[in-house]
Amino acid sequence: MARVAVIGEPLRICGYALAGAVLRPAGDRPGALRAWRELPGDVAVVILTPAAASWLGGELASRPGVLPVVLPPGEPGSGE
């Protein structure tokens, strides 16, 4: 069975653990790249915070079998 993973800032992604998603906290570009490259092979969908999506950029094309989904920007004043 395929799984869902979430990559991004810890406070933005922590709630997805309740749904059983694989959490990969990343607070900067190197962390996001490491999280992306170390995803388990059974991950089919990756939810990304807007910051994580920008940090990963073209790297997303390296795994064509994984569908990236970008969250909408945070609330005003949240830093996004």
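The values are calculated or read from the model by the stated rules, or taken from the named source; none is laboratory data. Source: prediction; values computed, not measured. Please note: Cβ atoms are built from the backbone with ideal geometry, for glycine as well, and neighbour counts cover all protein chains shown.
Scan the stretch 51-68 for residues that are out of contact with any helix residue (DSSP H, G or I) (no Cβ under 9 Å at 6 or more places or on another chain) and either part of a strand (DSSP E or B) or not small (Gly, Ala, Ser) (or both) and jot them down.
Pro64, Leu67
Give the number of residues within the stretch 1-20 that are assigned to a loop (DSSP other than H, G, I, E, B), of a type in the set (A, V, I, L, M) and more than 14 Å from Leu67 (Cα to Cα).
Here the count works out to 1.
Does Ala32 satisfy the criteria of being of a type in the set (A, V, I, L, M, F, W, C), out of contact with any Cys (no Cβ under 8 Å at 6 or more places or on another chain) and part of a strand (DSSP E or B)?
No.
Under 8 Å between Cβ atoms, at least 6 apart or on separate chains: pull out the pairs that start in the stretch 1-13 with a residue that is on the phi > 0 side of the Ramachandran plot and end on any residue that is modelled with pLDDT of 95 or more and of a type in the set (Ser, Thr, Tyr).
Cβ pairs passing all conditions: Gly8/Thr49.
Among the residues of the stretch 34-56, what is the count of those that are closer than 20 Å to Leu11 by Cβ and not β-branched (Val, Ile, Thr)?
Filtering the stretch 34-56 for residues closer than 20 Å to Leu11 by Cβ gives 34-36, 46-56.
This time we only want the ones that are not β-branched (Val, Ile, Thr), so: 34-36, 48, 50-56.
Final tally of qualifying residues: 11.
Can you tell me which residue among Pro30, Pro50 is in contact with an Asp or Glu (Cβ under 6 Å, 6 or more places away or on another chain) and at pLDDT 95 or above?
Pro50
How many residues does the stretch 32-80 hold that are touching a Phe, Trp or Tyr at 6+ places or on another chain (Cβ under 8 Å) and either buried (at least 17 other Cβ atoms within 10 Å of the Cβ) or of a type in the set (A, V, I, L, M) (or both)?
Residues in the stretch 32-80 being touching a Phe, Trp or Tyr at 6+ places or on another chain (Cβ under 8 Å) and either buried (at least 17 other Cβ atoms within 10 Å of the Cβ) or of a type in the set (A, V, I, L, M) (or both): 6 in total.
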